[in-house]
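First the structure, in the form of structure tokens, and then the observations on it.
The values are calculated or read from the model by the stated rules, or taken from the named source; none is laboratory data. Computed from a predicted structure; not experimentally measured. All Cβ positions, glycine included, derive from the backbone under ideal geometry; neighbour counts span all protein chains shown.
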Amino acid sequence: IPYDYIVVGGGAGGLIAADRLSEAGKKVLLLERGGPSLGATGGTYQPTWLKGTNFTKFDVPGLFETMFSDGNPFWWCKDVNVFAGCLLGGGTAINGALYWFPTYMDFSSAAGWPASWNNHGPYTAKLKAKLPGSDHPSTDGKRYLEQTYNVAAQLLNSQGYTNITINDNPDFKDHAYGYSTFAFANGKRAGTITPYYTTAVARPNLTYKQYTMVLNVVRNGSQILGVKTNDTSLGPNGVIPLTSKGRVVLSAGSFGTPRILFRSGIGPSDMINLVKNDANAGPNLPPQSDWINLPVGYNVSDNPSINLVFTHPSVDAYENWAQVWTNPRPADAAQYIKDQSGVLAQASPRLNFWRAYSSPDQRTRYLQGTVRPGAASVTTVYPYNASQIMTITAYLSTGITSRGRIGIDAALTARPLVNPWFVDPVDKTVLIQGLNDIVAGVKNVPGLTMITPDNTTTITDYVNNYDPGSLNSNHWVGSCSIGIVVDENLLVKGTKNLHIIDASVIPSLPVGNPSGTIMSMAEQGVAKVLALAGGP
Ligand code: 6FA
Ligand code: ABL
């Protein structure tokens, strides 16, 4: 104490920031509100069949679908009303771990990036060296439970798609498909935890505190002096100071970072007034004359996603993943424990595909598909064989124009205030087109039947009547967009030493599930912060 850098949040962005700052020799404090995840980080939450091993729910890829069906889901942030991981690794500890190296579009000026960000190559290379990812995560190099891959590949081949190794060709995202690729290593979840946390926490100049929640930054006008936490053992009133040249890096995620800003008197006045009215948080606000008016929480996007459910006689739906926690197939459990190979070494997705669409408004929009055994829900008039179900999830991504707003309510729970899906009707038109194109290929695959929607429902009606909350893809970006809330060095406008390195700074959705792009952004962002003059 005091610290050169205080990094708030140990998720996708925060662990990369903490690792690179400590690698540069800075005195770093990393604060995470949650507890351990992987067994190697002290995690212990495991099903009976894994007793005697060091593998937790978070380690074993095949347990991914049980994140949504557990009676005691302690890993979700209880004060964020969409899914968000509140434990070491953040989203990367609990997500599906689909992992794509960014495309040139993801950091282009057209996507909202300053020109100084366009060349992501060197930073993606640093990421790749730490976390190569794998499209065959089983340690024996074999692929398992591939029936849904084969069925979808037949459909896509009939429509002129090309089969590629997706991360070898990141910029090939039109009529392209390949094996799902994951942020796993050695048959286990890695995320940013294994490659970055492990090296960061081993350094004597990095201090890690878990179960420590940052409430607000402490500031004198534009100068950040430190952070206030919920742990009074860490300093007077829980306040931890920075050195005079020090910086705070907020990496609390698309919902967590805006809330810290609001509680620090930074953001739109309607949000700060909610804080002011809170008996605990209000007294910690700076005087109103020091509030910094920024559009924190606006410009938010998330992929609208729609599930189509099918059956095919070749498909093994793997009991819809319902048995893997309490009663996995014995041979698969034994194989996983023996050498982290087999079905359980991979999360549920099997194939991903992309297609570009030009639209009535002259923009190009991209559709992503994810194919997996099982289904989150089935609504159908057809009789069907539940052991043969599979899902294609269609996401609309790059090019999307709809934006929403996130913020807090009177209880200071973080939540969407204006949903970001289909605000622009053209986004909906394009997604419907994409779904119709998928459906048009069904007849080319003998035995393939779409059961949701069934033949009593058109695709247009299906989309129009879709439960809006179910459109959520958990890919929130943009609440502190670069150029709007932070400058090109990720410095919060109006402050001297407050930075943000997480999904919230990304101004528009990347072409795929976003974690790879967030990680590349973090590599580039922390390099820019370290290069600034006048820092520690
Ligand atoms: N992205 C992908 O690329 N592929 C996927 O397959 C994928 N799947 C999912 C998924 O299945 C679910 C259920 C969810 C919720 C997300 C998925 N994502 C996927 C999205 C991806 O995980 C997120 O986009 C990514 O993790 C966001 O990275 P950030 O760095 O912005 O934020 P995190 O949530 O990872 O980390 C924030 C950390 O800050 C957490 O550890 C949290 O506990 C901590 N924190 C929050 N507030 C704090 C506070 N006040 N004080 C201290 N710590 C705080
Ligand atoms: C993602 O990027 C999404 O954020 C997740 O929603 C998705 O997982 C994973 N990747 C894997 O594709 C889905 C599960 O497969 C569903 O069973 C679950 O209902 C859904 O997340 C909940 O959002």
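With respect to (1) crowded, with 19+ Cβ neighbours inside 10 Å; (2) within 22 Å of the chain's Cα centre (by Cα), the lone exception for Pro468 is condition (1). If you go through region 212-246 and keep only what is farther than 21 Å from Phe262 by Cβ, crowded, with 17+ Cβ neighbours inside 10 Å and either β-branched (Val, Ile, Thr) or within 29 Å of the chain's Cα centre (by Cα) (or both), you end up with just Gly246. Quick check: anything in region 432-445 more than 30 Å from Glu146 (Cβ to Cβ), surrounded by 15 or more Cβ atoms within 10 Å (Cβ to Cβ), in contact with a strand residue (DSSP E or B) (Cβ under 9 Å, 6 or more places away or on another chain) and of a type outside the set (A, V, I, L, M, F, W, C)? The answer is no; no qualifying residue exists.
Of the residues Gly25, Gly43, Gly10, the single one that is in a loop (DSSP other than H, G, I, E, B), away from ligand 1 (no atom under 14 Å from the Cβ), among the small types (Gly, Ala, Ser) and at pLDDT 95 or above is Gly25. State whether one or more residues within region 62-79 are more than 15 Å from ligand 2 (Cβ to nearest atom), surrounded by 24 or more Cβ atoms within 10 Å (Cβ to Cβ) and of a type outside the set (S, T, N, Q). No, region 62-79 has no match at all. In region 512-536, the residues that are closer than 16 Å to Val486 by Cβ form Cβ pairs under 6 Å with partners that are within 16 Å of ligand 2 (Cβ to nearest atom), at six or more places apart or across chains, as follows: Ile518/Ala12; Ile518/Ala503. Of all the numbered requirements in (1) within 30 Å of Gly187 (Cβ to Cβ); (2) within 16 Å of ligand 1 (Cβ to nearest atom); (3) in contact with a strand residue (DSSP E or B) (Cβ under 7 Å, 6 or more places away or on another chain), Val300 misses one, and that requirement is (1). Count of region 83-135 residues, restricted to those that are assigned to a loop (DSSP other than H, G, I, E, B) and either of a type outside the set (Ser, Thr, Tyr) or over 16 Å from the mean Cα position of the chain (by Cα) (or both), is 25. Selection within region 52-82: residues that are of a type in the set (S, T, N, Q) and in a loop (DSSP other than H, G, I, E, B). The member of this set that is farthest from ligand 1 (Cβ to nearest atom) is Thr53. Of all residues in region 511-533, those being assigned to a loop (DSSP other than H, G, I, E, B) and more than 16 Å from ligand 2 (Cβ to nearest atom) number 2. Residues that are outside any loop (DSSP other than H, G, I, E, B) and surrounded by fewer than 21 Cβ atoms within 10 Å (Cβ to Cβ) were ranked within region 355-387; the one that is modelled with the lowest pLDDT is Ser358.
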